[in-house]
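Participant: Got a structure here, written out as structure tokens. Questions coming.
The values are calculated or read from the model by the stated rules, or taken from the named source; none is laboratory data. Treat the numbers as computed from the prediction; the structure is a model and nothing was measured. Using ideal geometry, Cβ is built from the backbone for each residue, glycine included, and neighbour counts are taken over all protein chains shown. Keep in mind that these areas ignore ligands, DNA and RNA; they rest on the heavy atoms of the full protein, side chains included. Shrake-Rupley method; radii C 1.70, N 1.55, O 1.52, S 1.80 Å.
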Amino acid sequence: MENMILDCAIIGGGPAGLTAGLYTTRGGLENVIMYEKGMPGGQITQSSEIENYPGVTGEITGMDLMIPWPEQCQKFGLKHEMSEVTRVCKNENDNFLIHTSDGKSQEAYSVIVCTGSTPKRAGFAGEDKFFGRGVSTCATCDGFFYKGKEVAVVGGGDTALEEALYLAKICKKVYLIHRRDTFRASPNTVARVKSTENIELVLNSAPEEVYGDAMGVTGIRVINKDKETREIGVPGVFTFVGNNVNNQVLMQEDGNFLCELNSAGEVIVDLSMRTSNAGLFAAGDIRIEAPKQVVCAAGDGAVAALQAISYVDEKLNH
Ligand code: FAD
Ligand code: NAP
């Protein structure tokens, strides 16, 4: 396949990238490579349990869910290249060039970027140790495990407050821990949080340590601005302190991006997953307004693939 122009290059092999791979190849594109720097599957493979993927019942880990996906794609001809993409740019022929960390480059008519986003860590003691065992960054994913129990939420932005409201419907009580006494979140959301009876605001307080035992988290210790500490006994701690969008592959040598991003660094797409740059599509957690769910990322990948097929067809046959 060397020196051949790819019909489509897919960057990232999570649910969005793998579904894009399935739909592009099964839809007739012949030379498609999915660049995934690790094993395909994406961030859901870190999850010990997923119970909201439609049609999949019973106890299943994120890894179990994703294992059959690459094989299904390979059946239709998708190639996986285990390389890290460093940059995607456009060349003088109006095609894309995919640069990889091994110094190679590959030309492609279309690109679907599916590199996801990474929730930031807050940086308190015990956060990494108990991640996935009581510390979570996804209320939609893990909130149900704390049905009827008390949980803590860390953060003061829109995500933290909206997720606190979501958790308050499932959990007995939510402690909302924020390092200041005013919020970044929109005033309407702040008002809803303040009027929710089972949300207790723990303000001017930063998490110092999450602790627990072999079974998982048992509590969080916070310290306030007067240096007073407080122990809050909870089995679950949700942190929402912002996201790093994995958009680095789109950054050009001059520091500009290959397509338009919003102020949070998310790729702006239309309902067809088209970016502002013709032939470049984005799918999954990297795009604006992503619900950050496997089913949605997979749906995006399918939409982007169908558009990439039309784009390549138009480019080569008209
Ligand atoms: P990702 O899954 O993040 O995949 C991106 C891929 O791109 C990664 O494999 C990465 O290695 C690769 N990549 C990144 N940069 C490069 C590069 N430069 N070169 C090559 N490869 C690159 N969702 C649910 O629906 N239900 C749940 O219960 C649930 N639980 C979750 C639990 C945890 C602990 C986490 C972390 C997430 C959970 N999610 C859940 C969210 C879900 O995992 C994501 O919404 C989904 O994986 C997003 O898919 P994606 O394909 O957009 O990105
Ligand atoms: P965000 O706005 O950056 O808020 C992050 C919050 O975490 C802030 O309150 C910050 O505190 C706190 N924080 C950061 N680092 C911390 C640390 N180490 N320890 C403790 N607390 C820490 O992130 P976001 O809430 O994810 O929102 C991201 C963007 O998406 C925003 O533009 C937001 O408006 C948007 N968004 C919009 C909606 C909506 O419109 N419905 C929903 C979700 C997100 P400080 O305030 O003190 O800095």
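Participant: State the number of residues belonging to region 51-99 that are among the polar types (S, T, N, Q), outside any loop (DSSP other than H, G, I, E, B) and within 22 Å of the chain's Cα centre (by Cα).
Facilitator: 1
Participant: Residues in region 21-45 that are under 30 Å from PHE145 (Cα atoms) and out of contact with any strand residue (DSSP E or B) (no Cβ under 8 Å at 6 or more places or on another chain): how many?
Facilitator: Within region 21-45, residues that are under 30 Å from PHE145 (Cα atoms) and out of contact with any strand residue (DSSP E or B) (no Cβ under 8 Å at 6 or more places or on another chain) number 6.
Participant: PHE130 versus (1) within 10 Å of ligand 1 (Cβ to nearest atom); (2) over 19 Å from the mean Cα position of the chain (by Cα); (3) not charged (D, E, K, R): which is the lone unmet condition?
Facilitator: The single condition PHE130 does not satisfy is (1).
Participant: Applying the selection to region 150-166, what residues are closer than 29 Å to ASP226 by Cα and either open to solvent by 60 Å² or more (accessible area, probe 1.4 Å) or touching a strand residue (DSSP E or B) at 6+ places or on another chain (Cβ under 7 Å) (or both)?
Facilitator: GLU150, VAL151, ALA152, VAL153, VAL154, GLY155, ASP158, THR159, ALA160, GLU162, GLU163, ALA164
Participant: Can we say ALA152 is over 17 Å from GLY242 (Cα atoms), in a strand (DSSP E or B) and either out of contact with any helix residue (DSSP H, G or I) (no Cβ under 8 Å at 6 or more places or on another chain) or near ligand 2 (Cβ under 10 Å from one of its atoms) (or both)?
Facilitator: It is false that ALA152 is over 17 Å from GLY242 (Cα atoms), in a strand (DSSP E or B) and either out of contact with any helix residue (DSSP H, G or I) (no Cβ under 8 Å at 6 or more places or on another chain) or near ligand 2 (Cβ under 10 Å from one of its atoms) (or both).
Participant: Another question, if that's okay. Can you spot a residue in region 267-289 that is polar (S, T, N, Q), open to solvent by 30 Å² or more (accessible area, probe 1.4 Å) and not in a loop (DSSP other than H, G, I, E, B)?
Facilitator: no
Participant: Which count do you get for residues in region 290-302 that are in a helix (DSSP H, G or I) and open to solvent by 50 Å² or more (accessible area, probe 1.4 Å)?
Facilitator: 1
Participant: Among what's in region 163-180 and is over 19 Å from VAL217 (Cα atoms) and within 16 Å of ligand 1 (Cβ to nearest atom), pick the residue that is farthest from the chain's Cα centre (by Cα).
Facilitator: Here the residue is TYR166.
Participant: Hey, another quick one. Considering region 212-246 alone, what residues qualify as being away from ligand 2 (no atom under 16 Å from the Cβ) and not hydrophobic (A, V, I, L, M, F, W, C)?
Facilitator: Result: GLY212, ASP213, GLY216, THR218, GLY219, ASP226, LYS227, GLU228, GLU231, GLY233, PRO235, GLY236.
Participant: Could you check region 61-87 and list, in sequence order, the residues that are open to solvent by less than 30 Å² (accessible area, probe 1.4 Å) and out of contact with any Leu (no Cβ under 6 Å at 6 or more places or on another chain)?
Facilitator: The answer is GLY62, LEU65, MET66, PRO70, GLY77, LEU78, SER83, VAL85.
Participant: Examine region 115-125 for a residue that is assigned to a loop (DSSP other than H, G, I, E, B) and aromatic (Phe, Trp, Tyr), and state whether such a residue exists.
Facilitator: yes
Participant: Quick check on my filter: what residues within region 215-260 are touching a strand residue (DSSP E or B) at 6+ places or on another chain (Cβ under 6 Å), exposed (fewer than 14 other Cβ atoms within 10 Å of the Cβ) and among the charged types (D, E, K, R)?
Facilitator: GLU231
Participant: Can you find a residue that is touching an Asp or Glu at 6+ places or on another chain (Cβ under 7 Å) and within 16 Å of ligand 2 (Cβ to nearest atom) anywhere in region 93-114?
Facilitator: no
Matching residues to (1) more than 30 Å from LEU258 (Cα to Cα); (2) of a type in the set (A, V, I, L, M, F, W, C):
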{"site": "ASP64", "(1), (2)": "yes, no"}
{"site": "LYS75", "(1), (2)": "yes, no"}
{"site": "LYS104", "(1), (2)": "no, no"}
{"site": "THR118", "(1), (2)": "no, no"}
{"site": "GLU127", "(1), (2)": "yes, no"}
{"site": "PHE145", "(1), (2)": "yes, yes"}
{"site": "LYS149", "(1), (2)": "yes, no"}
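Participant: Right, here's the next one. For region 126-149, give me each residue that is part of a loop (DSSP other than H, G, I, E, B), away from ligand 2 (no atom under 11 Å from the Cβ) and in contact with a Ser or Thr (Cβ under 7 Å, 6 or more places away or on another chain).
Facilitator: Within region 126-149, just GLY132 meets the criteria.
Participant: So, one more: Enumerate the pairs (first residue in region 152-164 and farther than 14 Å from ARG179 by Cα; second residue anywhere and in a helix (DSSP H, G or I)) with beta-carbon separation below 7 Å, excluding pairs fewer than 6 apart on the same chain, so at least 6 apart or on different chains.
Facilitator: Partner pairs satisfying both residue conditions: ASP158/THR189; GLU162/THR189; GLU163/ALA139; ALA164/VAL193.
Participant: A further question follows. So which residues in region 167-189 are within 11 Å of ligand 2 (Cβ to nearest atom) and surrounded by 14 or more Cβ atoms within 10 Å (Cβ to Cβ)?
Facilitator: Of everything in region 167-189, those that are within 11 Å of ligand 2 (Cβ to nearest atom) and surrounded by 14 or more Cβ atoms within 10 Å (Cβ to Cβ) turn out to be LEU176, ILE177, HIS178, ARG179, PHE183, ARG184, ALA185, THR189.
Participant: Any idea which of GLY42, GLY17 is in contact (Cβ under 8 Å) with a residue 12 or more places away in the chain, surrounded by 23 or more Cβ atoms within 10 Å (Cβ to Cβ), within 14 Å of ligand 1 (Cβ to nearest atom) and under 19 Å from ARG274 (Cα atoms)?
Facilitator: That would be GLY17, the only listed residue that is in contact (Cβ under 8 Å) with a residue 12 or more places away in the chain, surrounded by 23 or more Cβ atoms within 10 Å (Cβ to Cβ), within 14 Å of ligand 1 (Cβ to nearest atom) and under 19 Å from ARG274 (Cα atoms).
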